[in-house]
Amino acid sequence: MTYNETLDYLYTSIPVFQHTGASAYKPGLGTSNALDEYLKFPHRSYKTIHVAGTNGKGSTSHLLAAILQCCGYRVGLFTSPHLTDFRERIRVNGEKISEKYVIDFVERYRSVFEPLQPSFFELTSTMAFAYFRFCKVDYAVIEVGLGGRLDSTNIINPILSVITNISYDHTQFLGTTLEAIAAEKAGIIKPKTPVVIGDVENSSVMDVFIKKAEKENACIISSIAEAPISDAQLNNDGKWHFLTKDYGNIIDELGGAVQKNNAATVLTAIKALRELGVAISKDAVRRGFSQVIELTGLMGRWQTLPNDKLKVVCDTGHNTGGWEYLSRQLGEEAKRHKTLRMVVGMVNDKDIDGVLELMPKNAVYYFTQASIKRALPAGEFANIANAHGLAGAVFTTVQAAVQAALVDAGENDFLFIGGSTFVVADALPLFQENNNN
């Protein structure tokens, strides 16, 4: 098979949550354990760091990987979903898994996994674990796909677990209360393994983590209690400038409003890793923050897209927790620009009303839909948005919406693209060529 034929096989033969949603969700570790055993437990060949949370786990994972790379380690990074290329999910020192490895892996093990009927994510995570062993990585940063307790990545035995925060998302699978969602995320806490808890101020949610950690005899560390950042300024250069307790001044290449909390989580995790004996220099921490995009290929986090006419930003925030930060940041941009233009769409299994309520009222909207089955039809999305006082035109493709917004925009306007990871995925190729690194 060619690479494209291999991807077509994966997408059409195995349920893909990214495309179809609930029908592709397969909770439980039975299949993952069976695949893991057949491949002789590849994740035991290197040390792992496990990252869960409602929001911020992608940024946190990339930052941790970047810092470890700057220390000279060979670092695997497994994240999801991808934006423009399947291979974004599996990287070693920032380089995407090779097309050849993807082809060879599927052809070699196809007869093994077909009888097990794995989900797309189960097979993808197994591929990542095997690839990291093949590449002889020192460390692998593993992002949870959904939840934690029953996520297929939860077969690993990490040296450190990280839970970034808790908000409402995937409630049909994880529960309808923050405590229930926290209990699912807490499933990654392992016996005698330290766990860093990020931006969690809710005492009843924190109690869930404390009780789980006590049960597992695991040391629990709160980034809020640690308070590793003394001062934080989001400068005109679009980057965070942090004064930290242990590393002096740090410039964070990620400029989203939420990144202040993610940075505190990462710095707390780095402290925990150093206490475990991992050699991490102060210079590596500073360089990892300042070069995370270049080092890891991270996209879609308050990312400025190339345009000569106006400022264009995309962000993958897609739930109320993420939009609490995006709303404030867009409000600041509206003060500095003449007109705020919003190309937005959502998928049909999110808290659509909750997100729409947080979107700015004083903006021109271009309602659209991503090119996946889960996408909420643009017309239906516009009708719901109208009830929240948001008005605009309807476009059935992201490309058409973006093109219309660019035509309408003046030089001092601001264009935001988002509402869904998949809207961003459709938009990125319109602004840049795919990066093959």
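Name the helices (runs of 4 or more DSSP H) wholly inside segment 102-214 in which the number of residues that are among the β-branched types (Val, Ile, Thr) and within 30 Å of residue 228 (Cβ to Cβ) is 1 or more.
Per the criteria, 178-185.
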(1) in contact (Cβ under 8 Å) with a residue 40 or more places away in the chain; (2) at negative phi all hold for residue 419 apart from (2)
Can you work out which of the residues in segment 364-401 that are hydrophobic (A, V, I, L, M, F, W, C) and part of a loop (DSSP other than H, G, I, E, B) is surrounded by the fewest Cβ atoms within 10 Å (Cβ to Cβ)? 391
Only one of 273, 330 is more than 19 Å from the chain's Cα centre (by Cα), under 18 Å from residue 405 (Cβ atoms) and in a helix (DSSP H, G or I). Can you tell me which? 330
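Output yes when any residue across segment 217-228 is of a type in the set (S, T, N, Q) and surrounded by 15 or more Cβ atoms within 10 Å (Cβ to Cβ), and no when none is. Outline the logic, then answer.
Just the residues of segment 217-228 that are of a type in the set (S, T, N, Q), to begin with: 217, 222-223.
Subsequent filtering for residues that are surrounded by 15 or more Cβ atoms within 10 Å (Cβ to Cβ) retains 222-223.
Yes, because at least one residue in segment 217-228 is of a type in the set (S, T, N, Q) and surrounded by 15 or more Cβ atoms within 10 Å (Cβ to Cβ).
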Which of the residues that make up segment 28-51 are assigned to a helix (DSSP H, G or I), surrounded by 15 or more Cβ atoms within 10 Å (Cβ to Cβ) and hydroxyl-bearing (Ser, Thr, Tyr)? 31, 32, 45
Residue check: is residue 347 exposed (fewer than 15 other Cβ atoms within 10 Å of the Cβ), aliphatic (A, V, I, L, M) and not assigned by TED's automatic domain parsing to the domain that holds residue 175? no
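Residue-wise test of (1) at pLDDT below 95; (2) at negative phi; (3) in contact with a Ser or Thr (Cβ under 9 Å, 6 or more places away or on another chain).
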| residue | (1), (2), (3) |
| --- | --- |
| 284 | no, yes, no |
| 290 | no, yes, no |
| 301 | yes, yes, yes |
| 308 | yes, yes, no |
| 313 | no, yes, yes |
By residue number, the members of segment 135-153 that are hydrophobic (A, V, I, L, M, F, W, C) and out of contact with any strand residue (DSSP E or B) (no Cβ under 9 Å at 6 or more places or on another chain) are 146, 150
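The values are calculated or read from the model by the stated rules, or taken from the named source; none is laboratory data. What you are looking at is a predicted structure, and each value in this text was computed from that prediction instead of being measured. FYI the Cβ positions are ideal-geometry reconstructions off the backbone, even for glycines, and counts take in every protein chain you see.
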